[in-house]
Amino acid sequence: MQATMQKGRFISFEGSEGCGKSTQIRILLDLLEKKGIAVLLTREPGGTVVGERIRDLLQYTPEAKGMTAEAELLLFAASRAQLVREVIAPALQQGQWVIADRFLDSTTVYQGLGRGLDQQAVAHINDFAVGEVKPDLTLLLDMDAQQGHARAKAVSEAEGKFDRMEDQELDFFERVRQGYLNLADIENERISIVDASKSIEEVSASIEGIIKKRYHEFSA
Ligand code: TMP
């Protein structure tokens with residue numbers, strides 16, 4: 001099934017581990033709700049029955065440690081292909097706002113730059129997975145890779161969770177961060193960089209400012 005054009009607003013959040021995405025998404029959801037704007041929140045990998053199974057395999061299955069980078073790429077793409085057709089495209093067609101906790105830029109940087117897969121192949125697979133459904137705004141929460149990774153690891157350890165994706169050397173996360181920054185430079189119309197090293201309040205104020213500027217119904 002071809003995913004088709006959208007009527008609603010589509011915002012994705014991106015950033016490396018520990019950048020505070022979940023907290024900021026929660027704050028933005030509250031704000032939108034107060035303004036009476038109905039929002040659908042998605043997360044990746046996951047968000048559908050198929051996607052949640054894939055998420056388990058990709059993240060929390062210690063036996064999957066030997067997964068190849070190619071298989072990993074295709075699994076992330078498979079989860080997204082399902083999510084786009086089953087959830088995101090129908091919501092956008094009904095004029096709903098969709099907020100995605102990660103979308104195709106994660107694959108571009110984690111699999112393309114972190115894992116070092118052929119970037120053209122990654123772009124091709126990304127396009128195949130999402131069709132025409134692309135975010136109109138992407139908020140990139142940028143912070144120092146070491147700081148972010150340490151923060152994410154501390155959370156997983158406190159929760160007693162193994163996370164296959166977090167189990168990488170620091171230079172992996174440095175490539176991811178640089179990859180995001182380069183992407184934001186190329187796609188500067190769509191991607192806004194937010195300094196995530198600031199306080200929660202300062203970060204949420206920056207995000208609110210960006211959304212206000214972009215969407216008249218938010219400022220109304
Ligand atoms: P998160 O739920 O904490 O954001 O973690 C998702 C993990 O999966 C994170 O390490 C980034 C990684 N990931 C990819 O490598 N490629 C992708 O396409 C997506 C969506 C996530």
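What follows draws every value from the coordinates through simple rules; no lab data is involved. Bear in mind the structure is a predicted one, so any value in this text is a computation, not a measurement. Here Cβ is always computed from backbone atoms with ideal geometry, including for glycine, and neighbour counts include all displayed protein chains.
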## Note on the structure
When (1) touching a residue at least 40 places away in the same chain (Cβ under 8 Å); (2) aliphatic (A, V, I, L, M); (3) surrounded by fewer than 19 Cβ atoms within 10 Å (Cβ to Cβ) are applied to residue 129, the one that fails is (3)
### Message
Looking only at residues that are surrounded by 15 or more Cβ atoms within 10 Å (Cβ to Cβ) and not hydroxyl-bearing (Ser, Thr, Tyr) in the range 188-207, which one is nearest to residue 143 (Cα to Cα)?
### Response
196
## Note on the structure
Note on residue 160: of the conditions (1) outside any helix (DSSP H, G or I); (2) in contact (Cβ under 8 Å) with a residue 24 or more places away in the chain, unmet is (2)
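Out of 22, 16, 12, which single residue is more than 9 Å from the ligand (Cβ to nearest atom), of a type outside the set (A, V, I, L, M, F, W, C) and within 11 Å of the chain's Cα centre (by Cα)? Please lay out each step first, then the result.
Numbers: 22 fails: more than 9 Å from the ligand (Cβ to nearest atom); 16 fails: more than 9 Å from the ligand (Cβ to nearest atom).
Exactly one of 22, 16, 12 is more than 9 Å from the ligand (Cβ to nearest atom), of a type outside the set (A, V, I, L, M, F, W, C) and within 11 Å of the chain's Cα centre (by Cα), namely 12.
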### Task
Just give me the residues in the range 156-180 being over 19 Å from residue 64 (Cβ atoms) and surrounded by 15 or more Cβ atoms within 10 Å (Cβ to Cβ), in sequence order.
173, 174, 175, 176, 177, 179, 180
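I'd like to know if the range 38-53 contains one or more residues that are within 13 Å of the ligand (Cβ to nearest atom), in a helix (DSSP H, G or I) and either out of contact with any helix residue (DSSP H, G or I) (no Cβ under 6 Å at 6 or more places or on another chain) or farther than 21 Å from residue 193 by Cβ (or both). Steps first, answer last, please.
Of the range 38-53, the ones within 13 Å of the ligand (Cβ to nearest atom) are 41-47, 51-52.
Keeping just the survivors that are in a helix (DSSP H, G or I) gives 51-52.
Still in the list and also either out of contact with any helix residue (DSSP H, G or I) (no Cβ under 6 Å at 6 or more places or on another chain) or farther than 21 Å from residue 193 by Cβ (or both): 51-52.
So far as the range 38-53 goes, yes, one or more of its residues are within 13 Å of the ligand (Cβ to nearest atom), in a helix (DSSP H, G or I) and either out of contact with any helix residue (DSSP H, G or I) (no Cβ under 6 Å at 6 or more places or on another chain) or farther than 21 Å from residue 193 by Cβ (or both).
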### Task
Considering every residue within the range 46-59, establish whether at least one is over 26 Å from residue 165 (Cα atoms), touching a strand residue (DSSP E or B) at 6+ places or on another chain (Cβ under 9 Å) and small (Gly, Ala, Ser).
no
